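Here is the structure we will look at, set down as structure tokens.
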Amino acid sequence: MKRLYTTFTSICLLLATIAVTHANTFNEQQIKDDFAQLYEDLQSSSYNFFAHTDKDTFDRHYLEFQNQINGNMTQLEVHRLFLRFVALADIAHTRIDFPIQFFREFLNSGGKTLPLSIRVEADSVIITEYLGLQDIKQGDKLINVNGQPALIWLDTLAQYLAADDSRLAYVLLEAWGIAPYLWLHEGEQPQYTLTLERAHSGEQYEVVQPTLSHETQEQHVASQAIDDSEPREYQVLSNQIGYLKPGEFYNVYAEDNNQIWDTTEFHSFIDEAMHTFLDANVKDIVIDVRGNAGGTNSFSDHLIGWYADEQFRFASEFRVKVSEHSRNANLQRLALDDDPESITAKLEQFYAQNEQGDVILFPLEDSYPHSGDMNISDSDIQIYVWIDRFSFSNAVSVAAITKDYGFGTVIGEKTADPATTYAAMETFTLENTGISVGYPKALIVRPNGNPVADGVTPDIQLECPEGSGEAALSCLREFILEQRVQL
């Protein structure tokens with residue numbers, strides 16, 4: 001997958017119909033009032049705002065950041081300052097989103113960025129994609145940037161990312177690309193001096209790399225293969241292997257926000273795939289949630305119901321903090337939900353019965369296996385869930401449920417996103433600047449009850465190429481055949 005290219009393209013396409021925020025200017029008092037609201041509301045609304053950064057430390061940071069507000073600031077300047085402050089919580093769902101509309105303006109006006117993407121491996125920074133004219137190769141190691149060690153340089157960008165630990169921050173930089181965060185941190189630069197090391201020989205070399213426009217970088221990928229696979233796909237591979245990529249666990253074909261949680265298309269797709277596998281007498285089914293951003297269990301429970309052999313829950317505990325912002329957000333959803341038995345309706349009952357600041361153990365209902373010919377748990381079909389560091393949110397939950405209940409075997413690479421986590425994100429809006437702030441209202445403990453925030457570790461590690469192309473599926477096929485011999 002060409003991550004840098006697809007990140008740029010996604011930004012442009014995603015924002016094609018989104019109105020750009022004008023570069024408003026706010027006076028010092030407006031900004032300080034919003035900063036006070038930001039800090040106060042995060043404390044009152046988040047499940048545990050000080051879980052990873054204690055209050056004394058945060059209070060010191062608050063004063064330091066407040067002292068940086070000493071005059072008028074633009075919308076982007078305020079956004080950058082507040083984003084960096086919120087990221088100090090080191091909680092992935094406590095965040096202000098990247099100001100993508102401003103980055104879009106920058107790109108569309110011919111803005112230039114560093115034309116490479118990276119991955120962090122064992123404290124080394126590896127080039128994963130290069131879209132320039134220098135002799136930089138994929139796999140080469142990045143040693144220094146403008147004389148600064150590469151990891152320290154990356155850490156200056158990671159300060160803008162909401163992440164529970166450095167591994168997740170580096171994975172997010174890999175997924176989104178470093179270009180947006182370089183622009184946010186220091187604006188457009190004419191060039192960067194890079195010290196690199198050849199992957200094949202260990203020889204070090206230096207390159208003065210000019211920044212390039214998005215249009216110029218596109219020219220370098222025109223002849224390269226772009227992963228243009230469907231968001232959801234299934235196929236019967238040779239040797240009776242069923243391959244299923246369910247895609248994100250929401251309606252990826254939604255035309256508006258009212259359709260985003262409509263499960264009709266997803267449920268139909270899963271049923272079609274599974275019946276196809278049964279008709280082909282497959283011996284193994286691989287559910288590929290690599291590179292999956294997640295979604296909600298109202299989608300994934302239907303998939304798991306096909307291979308579960310007992311009732312299950314997405315968490316062993318779901319603890320929710322009562323707050324005004326969370327209740328208001330839930331009431332907005334309730335206005336569109338006429339089901340008195342829905343989670344939204346039940347949450348409102350709990351909010352109404354408890355005081356602000358109370359933490360409640362919200363009762364979760366069991367999900368059940370399908371019955372009859374829509375359940376394969378009694379068959380000899382082996383189930384595998386394929387994960388990687390880019391499996392996030394509900395994709396992690398699918399892997400955790402499968403592993404913790406023993407419904408199948410988890411393969412691939414450990415997730416960066418934890419299975420026990422502060423999540424169920426809500427948002428509130430700052431009164432003057434209109435900046436939207438996300439926070440987790442709940443603590444979700446994975447099905448096995450482990451309270452430690454950690455990613456899902458695969459039962460069997462598997463390294464294969466990204467995507468669902470022939471190289472990846474050939475690697476998968478070889479692995480499955482090896483497993484059959486061992487079984």
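Condition check for residue 85 on (1) over 16 Å from residue 425 (Cβ atoms); (2) surrounded by fewer than 19 Cβ atoms within 10 Å (Cβ to Cβ); (3) not acidic (Asp, Glu): one failure, at (2). Among the residues examined, residue 69 qualifies as among the hydrophobic types (A, V, I, L, M, F, W, C), surrounded by fewer than 21 Cβ atoms within 10 Å (Cβ to Cβ) and either assigned to a helix (DSSP H, G or I) or in contact with a Phe, Trp or Tyr (Cβ under 7 Å, 6 or more places away or on another chain) (or both). The set of residues in segment 121-135 that are of a type in the set (D, E, K, R), at negative phi and part of a loop (DSSP other than H, G, I, E, B) contains only 135. Does segment 94-116 contain any residue that is of a type in the set (S, T, N, Q), part of a strand (DSSP E or B), in contact with a Phe, Trp or Tyr (Cβ under 8 Å, 6 or more places away or on another chain) and touching a residue at least 12 places away in the same chain (Cβ under 8 Å)? Checked against the condition, which is being of a type in the set (S, T, N, Q), part of a strand (DSSP E or B), in contact with a Phe, Trp or Tyr (Cβ under 8 Å, 6 or more places away or on another chain) and touching a residue at least 12 places away in the same chain (Cβ under 8 Å), segment 94-116 yields at least one hit.
Within segment 137-148, being surrounded by fewer than 19 Cβ atoms within 10 Å (Cβ to Cβ) and closer than 21 Å to residue 201 by Cβ holds for 137, 138, 139, 141, 143, 144. For segment 365-378, check the following and say yes or no: at least one residue is among the aliphatic types (A, V, I, L, M) and crowded, with 24+ Cβ neighbours inside 10 Å. No, segment 365-378 contains no residue that is among the aliphatic types (A, V, I, L, M) and crowded, with 24+ Cβ neighbours inside 10 Å.
Restricting the search to strands (runs of 3 or more DSSP E) fully inside segment 214-317 and requiring at least 1 residues that are under 29 Å from residue 420 (Cα atoms) and in contact with a Leu (Cβ under 6 Å, 6 or more places away or on another chain) gives 241-245, 284-288.
For first residues located in segment 335-360 and in a helix (DSSP H, G or I), partners that are surrounded by 13 or more Cβ atoms within 10 Å (Cβ to Cβ) and among the aromatic types (Phe, Trp, Tyr) and lie 6+ apart or on another chain with Cβ distances below 7 Å form the pairs 350/362. Taking the stated definitions as given, is residue 226 modelled with pLDDT of 95 or more, within 30 Å of the chain's Cα centre (by Cα) and outside the structural domain of residue 133 (by TED's automatic domain parsing)? Criteria not met by residue 226. Going by what's in this entry, would residue 303 be described as closer than 30 Å to residue 244 by Cα and in the same structural domain as residue 263 (by TED's automatic domain parsing)? Yes. Taking segment 426-453 as the range and being over 22 Å from residue 26 (Cβ atoms), surrounded by fewer than 17 Cβ atoms within 10 Å (Cβ to Cβ) and in contact with a strand residue (DSSP E or B) (Cβ under 7 Å, 6 or more places away or on another chain) as the test, only 451 passes. Does residue 379 satisfy the criteria of being of a type outside the set (A, V, I, L, M), at pLDDT 95 or above and within 30 Å of residue 40 (Cβ to Cβ)? The answer is no for residue 379.
The values are calculated or read from the model by the stated rules, or taken from the named source; none is laboratory data. The structure presented is a predicted model; accordingly, all values stated were derived computationally and were not measured. Here the Cβ is made from the backbone with ideal geometry for all residues, glycine too, and neighbour counts use every protein chain on show.
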